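> Here it is: the structure, laid out below.
The values are calculated or read from the model by the stated rules, or taken from the named source; none is laboratory data. Predicted, not measured: the structure shown is a model, and the values here were computed from it. Cβ atoms come from the backbone with ideal geometry, glycine included; neighbour counts cover every protein chain shown.
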Amino acid sequence: MSDLEPLSVLTFGAGAIGTYIGGSLALAGHRVVFIEQPAVAAELRERGLRLDLTIDERRKTNEPFVVRPSSFACIDSLAEALKLGPFEVAIFALKSFDTAAALEGMKPFAGQLPPVLCLQNGVDNESAIAAALGADKVIYGTVTSSIGRRAAGDIVLERLRGVGVACPPGRTPGRCEPSRRGLSERLIAALDGAYLNARLYPRAADMKWSKMLTNLLGNATAAILDMTTAEVYANPALYWLERQMLREALDVMAAQGIHAVDLPKTPVRALALAARLPASIARSLMVKAVGGGRGGKMPSFHIDLHSGRGKSEVDYLNGAVVRDGEKYGVPTPVNRVLNNTLLALTRGEIPLTEFSRQPEKLLALVK
């Protein structure tokens, strides 16, 4: 570890991102306390965390790291975890559809909670955290590295990119004001010292919407049609659909004065440019962006749809584009169809087989 004073970190959940960030900080010598369900907490206290970070050549190891139980704490209630404080920052990386329930449990302890680094997908979670805990309790963040989850507290780093952090919003929402940079800059130093490739962003909205652009690609379409992203982009009509979806999101961003910015090892500006280029030129850039982001894995919306949980993050991504489009007078017909169709599939209102490998049915809803 560097000469940086160790941070005291509270981490909500030992899922893929929580384990990767919290575990990496623990490996770097920071004080980390996880909050998990009782059974999971007991298991992690027994066996510790397992982080397969072997693709990161800086680690100089071919073996996964085991973070022993003596190097972190795992508690099964927020009230008990806070007794181990005070904490300087909390890591919040739950699925967006779990945010509301989590915040209800956090509200009674708002005064004891530290600022929350929100690493969730979508652009609405930070405002929900601010409403529940206070605007001074929110730090905007994003993760571009790809993490696979084998079990609770057991992850594999599949693609190393980095972490983005913006300053807590000041008088101008979503902007980084010099007087409020302290904790965010300290976080950047801690994350970077833990080999997490952190970068500070002056405008939170630019960072969060840029990440959402990458999440939108080949996600809802693949889930609805039960096709891989590669299959989606190999189909000319579906490629048109994806391109229109991306253009709508960019138009909504432009209406709000939000700009695409490059994220850690993720050239989002090139992706935004591709959406405006002639289709024949743009296609290779968009295919590369999708393939580089997911490899051969099915997208997250597909995984959620077939998990049986009856929940999807689509309304926090495509749905957010639709809602802000309505607010700023920007038409978003493709995002609306993708959002409504995937929500209907998720809720069981239409059978999963309705659109399975039938692109023409989905396209008919748009054209």
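> Could you tell me whether any residue of the range 264-283 is under 21 Å from K327 (Cβ atoms) and either in contact with a strand residue (DSSP E or B) (Cβ under 7 Å, 6 or more places away or on another chain) or not in a helix (DSSP H, G or I) (or both)?
No, the conditions are met nowhere in the range 264-283.
> Considering only residues that are more than 22 Å from A223 (Cβ to Cβ) and surrounded by fewer than 16 Cβ atoms within 10 Å (Cβ to Cβ), look in the range 233-255 and name the one that is farthest from the chain's Cα centre (by Cα).
At the first step, the residues of the range 233-255 found to be more than 22 Å from A223 (Cβ to Cβ) are 251, 253-255.
From the residues that got through so far, the ones that are surrounded by fewer than 16 Cβ atoms within 10 Å (Cβ to Cβ) too are 254-255.
Values: A254: 22, A255: 23 Å.
Ranking the candidates gives A255 first.
> Same structure, new question: Filter the range 328-356 down to residues that are free of Cβ contacts under 8 Å to residues at least 40 places away in the same chain and under 24 Å from the mean Cα position of the chain (by Cα), then give me how many there are.
Step one: filter the range 328-356 for residues free of Cβ contacts under 8 Å to residues at least 40 places away in the same chain, giving 336-337, 340, 343-344, 347-351, 353-354.
Still in the running and under 24 Å from the mean Cα position of the chain (by Cα): 336-337, 340, 343-344, 347.
So the answer is 6.
> Quick test of your reading of the structure: V287 fulfils all but one of (1) assigned to a helix (DSSP H, G or I); (2) at pLDDT 75 or above; (3) among the hydrophobic types (A, V, I, L, M, F, W, C). Name the failing condition by number.
(2)
> Give the residue, chosen from A222, A279, that is surrounded by fewer than 19 Cβ atoms within 10 Å (Cβ to Cβ) and farther than 28 Å from V165 by Cβ. Reasoning before the result, please.
Working: A222 fails: surrounded by fewer than 19 Cβ atoms within 10 Å (Cβ to Cβ).
From the options A222, A279, the qualifying one is A279.
> Hey, another quick one. Need pairs with beta-carbon distance below 6 Å; first residue under 17 Å from Y20 (Cβ atoms) and within the range 191-207, second among the hydroxyl-bearing types (S, T, Y); sequence gap 6+ or separate chains.
Close Cβ pairs satisfying both conditions: G193/S2; A194/S24; L196/S24.
> Does G348 satisfy the criteria of being at pLDDT 95 or above and assigned to a loop (DSSP other than H, G, I, E, B)?
yes
Yes or no, residue by residue, for (1) loosely packed, with under 15 Cβ neighbours inside 10 Å; (2) without any contact (Cβ under 8 Å) to a residue 24 or more places away in the chain:
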position	(1), (2)
G15	no, no
T19	no, no
G23	no, no
P38	yes, no
E46	yes, yes
D56	no, no
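> Sticking with this one: Among the residues of the range 257-284, what is the count of those that are at pLDDT 90 or above and of a type in the set (A, V, I, L, M, F, W, C)? It would help to see each step written out before you state the result.
Pass one, the range 257-284, residues at pLDDT 90 or above: 257-273.
When the remaining residues are screened for being of a type in the set (A, V, I, L, M, F, W, C), the result is 258, 260-261, 263, 268, 270-273.
Residues in the range 257-284 being at pLDDT 90 or above and of a type in the set (A, V, I, L, M, F, W, C): 9 in total.
> For the range 351-367, give me each residue that is of a type in the set (S, T, Y) and part of a helix (DSSP H, G or I).
At the first step, the residues of the range 351-367 found to be of a type in the set (S, T, Y) are 353, 356.
Result: T353, single match.
> Within the range 239-257, is there a residue that is touching a residue at least 12 places away in the same chain (Cβ under 8 Å) and touching a strand residue (DSSP E or B) at 6+ places or on another chain (Cβ under 9 Å)?
There is no residue in the range 239-257 that is touching a residue at least 12 places away in the same chain (Cβ under 8 Å) and touching a strand residue (DSSP E or B) at 6+ places or on another chain (Cβ under 9 Å).
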